[in-house]
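Beneath this line is the structure, given in structure tokens, with notes to follow.
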Amino acid sequence: MRKIIIILLAASLLWIWQGSVIMAKTNISFWTTETQSERMKTIQLILDTFEALNDDIQVKLVPVDENDLPTQMAAASAAGNIPEVVEMGSELAVAFGSEGIMDFGAHEAVINDIGRGEFFKGALQLTTSPAGQAYALPYHGWVQGIWYRADWFKEAGLAPPNTWYNILKAARHFNNPAKNQYGILIGTKPEGFAEQVFTQFAISNGAQEFDANGNLVFNSDAMRETLEYYKELQKYTPPGPQTWRARDYYLQGKMAMFFYSTYIMDDLSLAEVAKGSLTGENFEGLGGVGFDANLVKNTKMVSSFKNTQDSSYGVIVTLGITKASDSSKTDAAKRLVRYLYEEDAYVTFLHMAPGGMNPVLRSMAQSDKFMNDPKGIFKHYGKDKIAEIIGGLDHLQKFEIVEGKMFPASGEIFAQKIIPQMIYKTIFEGVSSQAAMNEAEAEMIKIINK
Amino acid sequence: MVSHPGSLAQQEARFGWKTVAPSLLLIALLIVYPVAYNLYLSFFEVKLSGQNEFVGFNNYIDLLADRAFYDSLTVTVIYVVGSTLGTTLLGLGVASLMNHKFPLRGLVRGLVLLPYIAPLISEVFAWQFIFDPVNGIYNHMTVEVLGISDERVNLIGTPGNALLVVIIFDIWKNFPFAYLMILSRLQSINNDLYEAATLDGANRWQRFWNITLPELRFVVGAIVMLRFIWNINKFDEVFLLAPNVKTLPIYTYFTAFTGTIEQGLAAAIAVVQFLLLIGLIFLYIRRVLKW
């Protein structure tokens with residue numbers, strides 16, 4: 001009997017020991033907003049390589065839609081299982097940082113390890129708190145612009161859409177619903193895209209959320225003017241609430257202008273690639289329907305436009321490390337983030353969307369490895385255009401930054417979609433501009449006083 | 001044999017409790033606890049950090065003063081009444097048709113069930129594609145082919161139409177449920193009744209009104225009640241197809257998770273919805289079904 005007990009005891013001890021060996025692998029999860037399956041595959045490949053190099057760490061990749069991220073984080077933090085590493089826009093990093101979820105110390109450590117001077121200043125500024133702490137690490141970025149049919153503009157004798165006047169004039173000119181053709185796409189669905197487009201208009205009219213002293217100055221004449229202008233412009237968009245997905249109408253030749261990030265460079269040149277394979281002898285009947293091989297040549301982009309001042313907008317996507325109860329998890333998260341900046345991993349990541357994902361490290365922007373993307377998209381646009389776009393990341397204008405100072409409440413306002421709701425209400429629910437702005441202002445005050 | 005008269009009954013009762021205990025436990029865990037916790041939360045200002053602040057009836061007072069809540073209530077009533085009536089009537093009509101003999105009846109009966117059994121998400125995408133303002137077939141047909149309208153519309157996106165679209169979608173998706181239940185009842189109605197009525201000179205309409213309908217009373221009653229409960233609580237269909245139709249569950253979701261996140265207030269909305277539902281069902285059972 002005693003023997004049996006001893007054997008059982010030994011066996012169970014062995015079992016526990018084995019378990020602890022398996023347990024010794026630190027499990028962390030990585031939330032990414034790159035939800036498309038191809039991008040997921042590439043990221044998984046990067047993570048697999050990381051795991052092969054670090055066999056004490058296991059990383060679980062979780063895709064989360066950009067628009068759902070605040071909701072999912074709220075739910076995860078209520079349930080006590082927030083991810084260790086999150087890829088997200090800088091606004092959200094700021095919002096989560098202000099809520100006390102992010103680990104500033106961990107971010108600082110990785111930034112210092114890479115070298116602070118390596119990062120573009122503008123990118124770093126967007127992720128740095130007023131007290132100088134890092135909400136997250138800038139990872140890649142894109143610039144927003146108006147993409148337009150340069151051939152149509154030329155034929156109609158119109159100037160490029162670089163001022164409020166030119167934009168509205170062109171939108172009116174090309175809008176022809178009877179022919180199922182529209183002037184412009186701006187965001188009107190209550191989603192992040194609407195705020196991204198609206199912000200660029202507001203700043204080009206000198207309208208801000210905060211002044212340099214941190215007072216909320218959202219409810220201003222300049223802002224109301226912007227909203228009125230936005231409403232007017234909406235008349236020349238495809239019917240009903242619209243978001244970035246409507247860019248397809250442009251690719252189909254049914255729209256003259258649309259707001260989009262440099263992510264579209266990929267789709268535009270891929271349309272050409274697709275045309276090559278979908279027409280001709282392979283699929284005679286299709287005749288290239290939906291694909292215009294010349295679209296990439298006929299498309300131009302204006303990244304900065306003005307009413308009373310120049311305005312350029314873009315987004316820095318960041319990597320954030322959350323506060324973990326367990327220091328081994330924080331350590332694993334730091335190693336993962338550091339690894340993602342290694343040349344091979346970084347370039348592989350950025351090449352998922354050439355044009356859309358641009359490096360924030362100086363050395364990487366000049367690297368030949370980066371310029372040589374597998375789809376040859378950079379060649380289409382030329383080195384200068386790419387350099388111009390990447391350079392744009394250094395001086396983005398956003399509501400969070402006023403005269404070089406950072407206002408974190410703005411990130412929270414973005415996360416809660418207050419401006420998109422205001423736009424939707426005033427366009428589709430018949431609320432007057434002033435009433436919608438008052439309502440938005442009241443919500444903003446609630447956030448500031450929280 | 002001396003035995004206590006109650007003992008057998010007591011034993012049975014004990015056995016009875018034992019048999020239902022697992023289900024009771026599950027219900028307590030999965031239904032009673034969340035309902036109670038929701039009720040509890042509705043008296044707090046919920047903070048994401050976990051430090052909730054007791055506010056008494058403030059959430060309810062805020063709610064009753066909120067115009068958006070009444071708007072949402074109105075939308076819910078229109079949605080529930082419209083979709084319940086629609087599914088039941090369409091189900092009744094189709095069931096009456098399918099009760100007649102015709103070639104390939106089996107096949108048709110099966111096909112009618114398709115909208116009910118197909119995955120919701122694929123149906124929603126199909127509808128969104130059909131009603132796409134620029135590329136959808138609906139606008140293509142009405143504007144270009146038939147010329148009924150000279151303007152392309154975003155039927156799902158525009159708040160004014162969206163409610164109607166969501167109601168029609170629900171009717172289309174869920175009428176097979178009503179149809180299935182009514183048809184099975186129809187088939188069990190004794191044919192003698194109809195023959196006797198025919199002999200008495202009753203016409204088709206009189207037979208339907210005086211025999212079919214009274215026989216269907218309870219099954220239709222049950223359908224209406226079930227659809228009523230389901231549709232007041234319906235989230236997925238509405239949210240996926242047109243989140244701008246703010247029925248109470250959608251409104252609760254937006255209050256809880258977007259804008260200035262107010263989960264205490266959202267809990268209060270859920271409580272009001274729950275009470276409303278219980279009250280209406282009680283009334284319905286008493287007054288309409290007379291159970």
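Evaluate the range A:100-115: report whether one residue or more is at pLDDT below 90 and aliphatic (A, V, I, L, M).
There is at least one residue in the range A:100-115 that is at pLDDT below 90 and aliphatic (A, V, I, L, M).
For (1) modelled with pLDDT under 90; (2) under 23 Å from A:N358 (Cα atoms); (3) surrounded by fewer than 16 Cβ atoms within 10 Å (Cβ to Cβ), each residue gets a yes or a no:
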| residue | (1), (2), (3) |
| --- | --- |
| A:L216 | no, no, no |
| A:Q234 | no, no, no |
| A:Q242 | no, no, no |
| A:R247 | yes, yes, no |
| A:N282 | yes, no, yes |
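Condition first: loosely packed, with under 11 Cβ neighbours inside 10 Å and either in a helix (DSSP H, G or I) or over 30 Å from the mean Cα position of the chain (by Cα) (or both). Can you find one or more residues in the range B:65-72 that meet it?
Yes, because at least one residue in the range B:65-72 is loosely packed, with under 11 Cβ neighbours inside 10 Å and either in a helix (DSSP H, G or I) or over 30 Å from the mean Cα position of the chain (by Cα) (or both).
Among the residues of the range A:416-434, are any open to solvent by 40 Å² or more (accessible area, probe 1.4 Å), assigned to a helix (DSSP H, G or I) and more than 14 Å from every other protein chain (Cβ to nearest Cβ)?
Yes, the range A:416-434 contains a residue that is open to solvent by 40 Å² or more (accessible area, probe 1.4 Å), assigned to a helix (DSSP H, G or I) and more than 14 Å from every other protein chain (Cβ to nearest Cβ).
How about the range B:236-271: which of its residues are closer than 17 Å to B:S83 by Cβ and open to solvent by 50 Å² or more (accessible area, probe 1.4 Å)?
B:D236, B:F239, B:L240, B:K246
Any residue in the range B:272-291 that is of a type in the set (D, E, K, R) sitting within a Cβ distance under 6 Å of a residue that is in a helix (DSSP H, G or I) and loosely packed, with under 12 Cβ neighbours inside 10 Å? List the pairs, counting only those 6 or more apart or interchain.
Between residues of the range B:272-291 that are of a type in the set (D, E, K, R) and residues that are in a helix (DSSP H, G or I) and loosely packed, with under 12 Cβ neighbours inside 10 Å, there is no close pair.
Scan the strands (runs of 3 or more DSSP E) fully inside the range A:295-364 and keep the ones with 1 or more residues being among the aliphatic types (A, V, I, L, M) and open to solvent by 10 Å² or more (accessible area, probe 1.4 Å).
It comes to A:299-302, A:314-321.
Check whether at least one residue in the range A:250-266 is open to solvent by 40 Å² or more (accessible area, probe 1.4 Å) and either part of a helix (DSSP H, G or I) or modelled with pLDDT of 95 or more (or both), and report yes or no.
no
Mind telling me which of the residues A:S129, A:S98 ends up being in contact with a Ser or Thr (Cβ under 9 Å, 6 or more places away or on another chain) and within 14 Å of another protein chain (Cβ to nearest Cβ)?
A:S98
Listed residues A:G157, A:G105, A:G89; which is on the phi > 0 side of the Ramachandran plot and open to solvent by 10 Å² or more (accessible area, probe 1.4 Å)?
Result: A:G157 is the single residue among A:G157, A:G105, A:G89 that is on the phi > 0 side of the Ramachandran plot and open to solvent by 10 Å² or more (accessible area, probe 1.4 Å).
What number goes with the only condition from (1) open to solvent by 50 Å² or more (accessible area, probe 1.4 Å); (2) more than 14 Å from chain A (Cβ to nearest Cβ) that B:F129 does not pass?
In the conditions (1) open to solvent by 50 Å² or more (accessible area, probe 1.4 Å); (2) more than 14 Å from chain A (Cβ to nearest Cβ), B:F129 misses (2) alone.
Return the only residue of B:P159, B:P214 being open to solvent by less than 60 Å² (accessible area, probe 1.4 Å), out of contact with any Ser or Thr (no Cβ under 9 Å at 6 or more places or on another chain) and either touching a residue at least 24 places away in the same chain (Cβ under 8 Å) or farther than 30 Å from A:T188 by Cβ (or both).
Result: B:P159 is the single residue among B:P159, B:P214 that is open to solvent by less than 60 Å² (accessible area, probe 1.4 Å), out of contact with any Ser or Thr (no Cβ under 9 Å at 6 or more places or on another chain) and either touching a residue at least 24 places away in the same chain (Cβ under 8 Å) or farther than 30 Å from A:T188 by Cβ (or both).
Does the range B:272-290 contain at least one residue that is on the phi > 0 side of the Ramachandran plot and either open to solvent by 10 Å² or more (accessible area, probe 1.4 Å) or modelled with pLDDT of 90 or more (or both)?
Yes, there is a match, as at least one residue in the range B:272-290 is on the phi > 0 side of the Ramachandran plot and either open to solvent by 10 Å² or more (accessible area, probe 1.4 Å) or modelled with pLDDT of 90 or more (or both).
Tell me which residues, restricted to the range A:120-141, are surrounded by fewer than 24 Cβ atoms within 10 Å (Cβ to Cβ) and not in a loop (DSSP other than H, G, I, E, B).
Passing the criteria: A:K121, A:G122, A:L124, A:Q125, A:T128.
Among the residues in the range B:135-148, are any away from chain A (no Cβ under 14 Å) and assigned to a loop (DSSP other than H, G, I, E, B)?
Yes, that holds for at least one residue.
Going residue by residue through the range B:36-54, is there one that turns out to be within 25 Å of the chain's Cα centre (by Cα), within 14 Å of another protein chain (Cβ to nearest Cβ) and surrounded by fewer than 13 Cβ atoms within 10 Å (Cβ to Cβ)?
yes
For the structure I just gave you, tell me whether A:D373 is of a type in the set (D, E), more than 14 Å from chain B (Cβ to nearest Cβ), free of Cβ contacts under 8 Å to residues at least 12 places away in the same chain and out of contact with any helix residue (DSSP H, G or I) (no Cβ under 7 Å at 6 or more places or on another chain).
So A:D373 does not fit the description; no.
List, please: which pairs have Cβ atoms under 6 Å, are six or more places apart or on different chains, and start with a residue in the range A:231-260 that is closer than 18 Å to A:N166 by Cβ and more than 9 Å from every other protein chain (Cβ to nearest Cβ) and end with one that is among the hydrophobic types (A, V, I, L, M, F, W, C) and open to solvent by 30 Å² or more (accessible area, probe 1.4 Å)?
Hits for this filter: A:Q234/A:I427; A:A256/A:W152.
The values are calculated or read from the model by the stated rules, or taken from the named source; none is laboratory data. If you're wondering where the values come from, they're calculated on a predicted model, not measured in any experiment. Don't worry about glycine lacking a Cβ; one is built from the backbone with ideal geometry, like all the others, and counts go over all protein chains shown. Accessible surface areas use protein heavy atoms only, side chains included; no ligands, DNA or RNA. Shrake-Rupley method; radii C 1.70, N 1.55, O 1.52, S 1.80 Å.
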